[in-house]
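What follows is one structure encoded as structure tokens, with my remarks underneath.
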Amino acid sequence: MRAIIFLLLSFVCAPVLACQEPLLDQDFRRLASSEDVNLCQAYADKVVLVVNTASKCGYTPQYEGLEKLYEEYADEGLVVIGFPSNDFLGQEPGTEEQIQDFCRLTYGVKFPMFEKTTVTEKNAHPFYVALAATAGTYPTWNFHKYLIGRDGKLITNFSPRTKPYADEVIAAIKNALSK
């Protein structure tokens, strides 16, 4: 009987125990949905590329490269997660439904997108406060990228100007996936 209880508890608690680093222990609502997701549970043992996004920005075409990264490296353990933000000159003014439609119809985005999130220092969501504290910088504009390893620790971050398929991004992702 003890063995059965232990197995049941191990199975039920495994996702919670998998995330040893508190950085990913954050709850977010999926974009245009009522479903809440704990990043730690959902992406335990994954390499995570976190990106604050906007639909009306000069960097918006980066959605295409981000989706390509997600498709190309998902089987190896990469997940790209997007957080629409209206923090920079109001470049994400739409509703969550409008953002979701834009991303899917214009760029074929299938990577997980979450609720609109404040990312700038003054009013940042606690997740972005933690990212900034670890990286030493808050997002400087839309499409700032943070790379988190399988262990839940921040590896590096990339400026909005750095395209998803830049050599340094690909090298960092491949290195993280190999661990």
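The values are calculated or read from the model by the stated rules, or taken from the named source; none is laboratory data. Keep in mind it's a predicted model, so treat the numbers as computed, not measured. Virtual Cβ from ideal backbone geometry, glycine too; neighbours counted across all protein chains shown.
Brief remarks on what is shown
- Only residues that are crowded, with 19+ Cβ neighbours inside 10 Å and out of contact with any Asp or Glu (no Cβ under 9 Å at 6 or more places or on another chain) were counted across segment 131-140, and they come to 1.
- Residue list for segment 101-126, filter: of a type outside the set (Val, Ile, Thr), more than 25 Å from GLU71 (Cα to Cα) and either touching a helix residue (DSSP H, G or I) at 6+ places or on another chain (Cβ under 8 Å) or surrounded by 16 or more Cβ atoms within 10 Å (Cβ to Cβ) (or both): GLU121, ALA124, HIS125
- Look at segment 153-179: where a residue is among the charged types (D, E, K, R) and a partner is part of a helix (DSSP H, G or I), sitting 6+ places away or on another chain with Cβ atoms under 6 Å, you get LYS163/GLY65.
- Given (1) within 26 Å of ARG161 (Cα to Cα); (2) at pLDDT below 95; (3) hydrophobic (A, V, I, L, M, F, W, C), index of the condition ALA3 fails: (1)
- Hits in segment 106-145 - residues which are among the aromatic types (Phe, Trp, Tyr) and in contact with a Phe, Trp or Tyr (Cβ under 7 Å, 6 or more places away or on another chain): TYR107, PHE111, PHE114, TYR128, TYR138, TRP141, PHE143
- Neighbours by Cβ (under 7 Å, 6+ apart or cross-chain): first from segment 66-81, at positive phi and among the hydroxyl-bearing types (Ser, Thr, Tyr); second crowded, with 20+ Cβ neighbours inside 10 Å and at pLDDT below 95: none
- Residue within segment 30-45 that is among the aromatic types (Phe, Trp, Tyr), crowded, with 18+ Cβ neighbours inside 10 Å and touching a residue at least 40 places away in the same chain (Cβ under 8 Å) present: no
- A count restricted to segment 49-62 and to residues that are in contact with a strand residue (DSSP E or B) (Cβ under 9 Å, 6 or more places away or on another chain) and small (Gly, Ala, Ser) stands at 2.
- When the strands (runs of 3 or more DSSP E) confined to segment 34-153 are screened for residues that are at pLDDT 95 or above and farther than 22 Å from ASN175 by Cα, those reaching at least 2 such residues are found at 36-38, 47-53, 78-84.
- Some residue of segment 63-79 being in contact with a strand residue (DSSP E or B) (Cβ under 8 Å, 6 or more places away or on another chain), closer than 20 Å to THR137 by Cβ and not aliphatic (A, V, I, L, M): no
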